[in-house]
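For reference, the structure discussed in these notes is given below.
Read-outs: derived from the displayed coordinates by stated rules, not from any lab. As the structure is a prediction and not an experimental result, all values here were calculated from the model. Every residue, glycine among them, receives a Cβ derived from its backbone with ideal geometry; neighbour counts consider all protein chains shown.
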Amino acid sequence: MAAHYQIDDLDRKILTALVDNARTPYAELAKLNGVSPATIHVRVEKLRQAGIITGAQITLDPQSLGFDVCCFIGINLKSAKDYGRAIEQLHRLPEVTEAHYTTGHYNIFIKVRTRSIDELHQLLINRIQSIDEIQSTETLISLSSPIQRQISL
């Protein structure tokens, strides 16, 4: 990964377009920006090598797939040294879609998606709170998520 790669206006336009639709053809990006498709290809490759573009992915709508419950769980560990083992076990739970090592009240803050409140209840009791390294949890249920986006350039 290149240290502090400096993006310019063309890079910014390319990134904005690809974040909006990662399947945008290079030829279309080239036409929109008045450059050749080869220039777009070279720029995208440099952005990949710099670690700015880390992949392209399809975004799924969890509710359309039946995952109606979204919540955030603050986790307090028994000891700071338990972090690695706790993360390892949380990583095995497919319902955990994000995990953050945080400052403040919690050691770890996770995002969880389940199909129902009952499924969330079972996940908490049988799988998350049973992890030995976890001292306590606090669950906050999301009622809606009106803002979901990538960073703006």
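Per the Cα gyration tensor, region 9-49 maps to an equivalent ellipsoid with semi-axes of 13, 12, 9 Å, ordered largest to smallest.
The chymotrypsin sites (Phe, Trp or Tyr not before Pro) of region 1-108 meeting both criteria, a DSSP state outside H, G, I, E and B (loop) and at most 14 other C-beta atoms within 10 angstrom of the site's C-beta, are Tyr5. Taking trypsin sites (Lys or Arg not before Pro) across region 58-114, the ones in a DSSP loop with at most 12 further Cβ atoms lying within 10 angstrom of their Cβ are Arg92. Counting only Cα atoms, the chain measures 57, 36, 24 Å along its principal axes, largest extent leading. Computed extension gain for Gln122 through Ala22, at 0.36 nm per residue and net of the alpha carbon distance, reaches 32.3 nm. Candidate cross-link partners of Lys111 among the lysines, defined by an alpha-carbon separation under 24 Å and a same-chain spacing of 8 or more, comprise Lys78, Lys81.
Model label points for Thr137 and Phe72, set 7 angstrom from Cα along the Cα-to-Cβ axis, are 1.6 nm apart.
Estimated purely from DSSP H runs of n ≥ 4, each contributing -39500 (n - 2.57), the mean residue ellipticity at 222 nm for the chain is -9500 deg cm²/dmol once divided by its residues.
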